[in-house]
Amino acid sequence: MNFKTIIEPFRIKTVEPIRMTTREQRQVALEKAGYNLFALPAKDVLIDLLTDSGTGAMSSGQWAGMMRGDESYAGARSFYAFEDAVRLITGLKVVIPTHQGRAAERILFGAMLGKDDIVPNNTHFDTTRANVEYRGATALDIPIVEGRQPALFHPFKGNIDLQTLERLLEEKQEQIPLVMITVTNNSGGGQPVSMANIRAASELCHRFDVPLFLDACRFAENAWFIKIREEGYAHKTPLQIAQEMFSFVDGCTMSAKKDGLANIGGFLALNDEALAQRCKTNLILTEGFPTYGGLAGYDLEAIAVGLMEVVEEDYLRYRIRSVAYLGERLTAAGIPIVQPPGGHAIYIDALSMLRHIPQSEYPAWALSLALYLEGGVRSVEIGSVMFGLQPDGSEKPAAMELVRLAFPRRVYTQSHVDYLLEVLLYINEIKDRIRGLCIVEAPPILRHFSARLEPAHGRLLSEEE
Ligand SMILES: Cc1ncc(COP(=O)(O)O)c(C=O)c1O
């Protein structure tokens, strides 16, 4: 008998209490935090969906691996375990550990990008964009048009726009040192990229002699979507699919805090040995010796084991299904979300939900605050606070105003999801009372992490009528 209920494919050995707070306590916490959820102490959060990055639960296998960690400065056994796991999945020649994904980005772009260069990507994640712009280069997002329409169903909304890519390569090839594809497309709604799209982008790039890199943070989730949605892949394992994805690229940056199932870590992997050498020189300057790159031996072990666990079918089936479950319930209640649900998160379309709040008053930010105030749930805005500030200091509304509910891996259970659902349904009932915000203080880059805001109209929620 094939039973339909998809369960968490693990049992719980260690538990960590989480704490209920009152609405009044949360109101005070918000004021103290400058209406920025990044500034909240985690102890004041009941369900923390701020990020799926580094927040996962490690397995008994990973903890056992950590005890095996070899802390030798050079040539540690743990490095070779890590290198073997990365090579098995990616097939890339040189593996460079880094303390997290953005360090891999900084080191790669430091070795490849100059002023006035352009990096096309389906959609740059915020740290990727910031690292490109830090080099004086332009981070150009070219998702397919369907990728910018939240309500539209498309199986591979994360795809890069191949026509635009071809035109860019024809017209500006000498300004394009590399092309990137982010799998899954986090800032575009956690949407997957098809194998056909990666293959075609690879052919294009190589025709113009430009290397293609994956931002591979969620490669396993992407592989699962290919398995269940793309013709010809149903019988392949997620590992085989991942291997095929990487076979089309010249390198990747990776945050092991996502599909490495680790709490910290990342890597850069690439085939060009001369480029790798330049990256390693920079690595030694800022991260550490190339066999540990800013990580402890035990971190390398945790990642090596995590990379093997993340491609297990039971895990991926449960992971993708629990996100889809929430998405289906929200859709049934008429709450607009990016469709279809992505791999690691649900993205609520705040622009459609809160039509009364103009983009200049940050509707997605306001929605995320209301979620915390009413239910103790922490989410993150992916909208104009995150992306609106231009390098020249001007303000431009973001293409979408999303609230991302990102699911830490193997952390929350079905009843947590049901509680979340109840909170969201309530927020939907009172949505017309939610009011916008203004920024009172912000740094010049990555402002969403530390900006201070306040309600633009006196309070976050207007009085009940
Ligand atoms: C697509 C993508 N790229 C890069 C990064 C940066 O990784 P890290 O947070 O490990 O620096 C993230 C992190 O969320 C991401 O989602």
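Where a number appears in this text, it was derived from the coordinates with a stated rule and is not lab data. Note that this is a predicted model, so its numbers are computed, not measured. Note that each Cβ is placed from the backbone with ideal geometry, even for glycine, and that neighbours are counted across all protein chains shown.
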Inset, instruction - Taking each pair of different alpha-carbon atoms in region 143-243 once, compute 1/r for the pair, average those values, and report the inverse of that mean as the Kirkwood hydrodynamic radius in Å to one decimal. - result: 14.0
Legend entry - GluC sites (Glu not before Pro) restricted to DSSP loop in region 412-464 with at most 14 other C-beta within 10 Å: GLU463, GLU464
Legend entry - TRP365, TRP63, TRP224 arranged by Cβ crowding within 10 Å, fewest neighbours leading: TRP63, TRP224, TRP365
Legend entry - Normalised contact order of region 165-256, rounded percent, pairs of Cα under 8 Å and 6 or more residues apart: 31
Inset, instruction - Subtracting the Cα-Cα distance from 0.36 nm times the residue separation, let me have the gained length for ALA42 to GLN149 in nm, one decimal. - result: 35.2 nm
Inset, instruction - For the chain, calculate the relative contact order in percent as a whole number, restricting contacts to Cα pairs under 8 Å that are 6 or more residues apart. - result: 22
Inset, instruction - Could you sort out which of LYS93/LYS157; LYS93/LYS280; LYS157/LYS227 sit more than 21 Å apart by Cα distance in this structure? - result: LYS93/LYS157
Legend entry - Cα convex hull of region 266-373 - mean projected area over all directions, nm²: 11.6
Inset, instruction - Would you mind listing how long the chain runs along its three principal axes, going by Cα atoms, in whole Å with the largest first? - result: 66, 53, 45
Inset, instruction - Any chance you could run the full-extension gain for TRP63 through VAL440? It's 0.36 nm times the residue separation minus the Cα-Cα distance, nm to one decimal. - result: 131.3 nm
Legend entry - Centre separation in Å (Cα based) which lies between region 223-243 and region 126-158: 24
Inset, instruction - In whole Hz, with x marking every Gly and Pro, tabulate ³J(HN,Hα) for region 149-160 from phi via Karplus 6.51 cos²θ - 1.76 cosθ + 1.60, θ = phi - 60°. - result: 10, x, 7, 7, 8, 7, x, 10, 5, x, 4, 7
Legend entry - Cα→Cβ-extended label distance, 7 Å offset, between LEU425 and ALA274, nm: 6.3
Legend entry - Lys/Arg +1, Asp/Glu -1 at C-beta; the chain dipole; positive extreme among THR51, GLN191, LEU421: LEU421
Legend entry - Gyration tensor verdict on region 10-138 (Cα atoms; rounded if a/c is under 1.5, prolate if a/b is larger than b/c, oblate otherwise): oblate
Inset, instruction - Report, in deg cm²/dmol and to the nearest 500, the calculated mean residue ellipticity at 222 nm for the chain, where each DSSP H run with n ≥ 4 adds -39500 (n - 2.57) and the sum is divided by the residue count. - result: -12000 deg cm²/dmol
Inset, instruction - Using the structure shown, list the pairs from LYS43/LYS258; LYS172/LYS236; LYS13/LYS257 with a Cα-Cα distance above 27 Å, or answer none. - result: LYS172/LYS236
Legend entry - Loop-exposed trypsin sites (Lys or Arg not before Pro) per DSSP, neighbour cap 12 Cβ within 10 angstrom, longest uninterrupted part of the chain: 116-354
